[in-house]
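Asker: Provided herewith is a single structure, encoded as structure tokens, for subsequent inquiry.
The values are calculated or read from the model by the stated rules, or taken from the named source; none is laboratory data. Since the model is a prediction, treat every value here as computed from it, not as a measurement. Cβ sites come from the backbone with ideal geometry, for glycine too, and all protein chains shown count toward neighbours. These accessible areas exclude ligands, DNA and RNA; they are computed on the full protein's heavy atoms, side chains included. Shrake-Rupley method; radii C 1.70, N 1.55, O 1.52, S 1.80 Å.
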Amino acid sequence: MPRSIILSLVLIAAPSLIAQTIHTTADMQQREAKLLATAKAAPTGLGTDIMDDYGNDRTLLVVRVHSGDPERHQFWADEMVVKKGTITLVTGGTLQGEHPNGTAPGETLGTSIEGGKETVLHAGDIVHIPAGMPHQAKIAPNTTVTYLVFKEKDK
């Protein structure tokens, strides 16, 4: 195949290779408003939206109006960025009453975490939770929190 044809094919494919995803403030506000309504209507108090999914990494927007169940992800590390509100994050320790989530392979839920470390996170705070570490997002009653989770598959 002549070099000119190969170069042409590379240039045609280049935009998809360097494509980017942009989430504007307006987009984020619309998503957050929908998730808040979902969270308020759900018994779990959770609204979540997978914003991006690239196979080995994905981005989620999360809105909570209730504390979450303790959990552990065997295959995924989480990077959390708090957008609004205050979260008491419990990490480490031992997951009590551990059972499969049923919706995600390698993910388990529990009833509590024994011996975990509590850290209070505010808007702008960032935390990395390695794959395999039990964790739980607790929030005060009658409050709302919004955060981003950047999930990366553990290799």
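Asker: Could you please give the count of residues in segment 58-75 that are open to solvent by 20 Å² or more (accessible area, probe 1.4 Å) and either more than 22 Å from Leu109 (Cα to Cα) or under 10 Å from the mean Cα position of the chain (by Cα) (or both)?
Answerer: Quick first cut of segment 58-75, residues open to solvent by 20 Å² or more (accessible area, probe 1.4 Å) only: 58, 60, 64-67, 69, 71-72, 74-75.
The next check asks that each one be either more than 22 Å from Leu109 (Cα to Cα) or under 10 Å from the mean Cα position of the chain (by Cα) (or both); those that pass are 58, 60.
The number of residues fulfilling the criteria is 2.
Asker: I've got another one for you. Which numbered condition trips up Pro141, out of (1) open to solvent by 30 Å² or more (accessible area, probe 1.4 Å); (2) touching a strand residue (DSSP E or B) at 6+ places or on another chain (Cβ under 8 Å)?
Answerer: For Pro141, the exception is condition (2).
Asker: Provide a single number: the residues in segment 125-135 that are without any contact (Cβ under 8 Å) to a residue 60 or more places away in the chain, in a loop (DSSP other than H, G, I, E, B) and either acidic (Asp, Glu) or open to solvent by 50 Å² or more (accessible area, probe 1.4 Å) (or both).
Answerer: Residues of segment 125-135 without any contact (Cβ under 8 Å) to a residue 60 or more places away in the chain: 125-131.
Remaining after also requiring in a loop (DSSP other than H, G, I, E, B): 125, 130-131.
Filter once more, keeping what is either acidic (Asp, Glu) or open to solvent by 50 Å² or more (accessible area, probe 1.4 Å) (or both): 125, 130.
Looking only at that region, the number is 2.
Asker: If you check every pair at least six apart or on different chains, which have Cβ atoms under 7 Å apart with a residue in segment 102-124 that is modelled with pLDDT of 95 or more and among the β-branched types (Val, Ile, Thr) first and a residue that is exposed (fewer than 14 other Cβ atoms within 10 Å of the Cβ) and assigned to a loop (DSSP other than H, G, I, E, B) second?
Answerer: Thr111/Gly97
Asker: Follow-up question, since we're still on this one. Among the residues of segment 95-124, how many are part of a strand (DSSP E or B), farther than 18 Å from His73 by Cα and either open to solvent by less than 70 Å² (accessible area, probe 1.4 Å) or charged (D, E, K, R) (or both)?
Answerer: So the answer is 3.
Asker: I would also like to ask the following. Working carefully through the options Lys34, Lys40, find the one that is at pLDDT 95 or above, closer than 22 Å to Gln136 by Cβ and part of a helix (DSSP H, G or I). Please lay out each step first, then the result.
Answerer: Values: Lys34 fails: closer than 22 Å to Gln136 by Cβ.
Just one listed residue meets the conditions, Lys40.
Asker: Residues in segment 16-53 that are out of contact with any strand residue (DSSP E or B) (no Cβ under 7 Å at 6 or more places or on another chain), of a type in the set (Ser, Thr, Tyr) and surrounded by 10 or more Cβ atoms within 10 Å (Cβ to Cβ): how many?
Answerer: 1
Asker: Which members of segment 136-155 meet the condition of being of a type outside the set (D, E, K, R) and touching a residue at least 12 places away in the same chain (Cβ under 8 Å)? Working first, answer last.
Answerer: Within segment 136-155, the subset of a type outside the set (D, E, K, R) is 136-137, 139-150.
Listed by number, the residues that qualify are Gln136, Ala137, Ile139, Ala140, Thr143, Thr144, Val145, Thr146, Tyr147, Leu148, Val149, Phe150.
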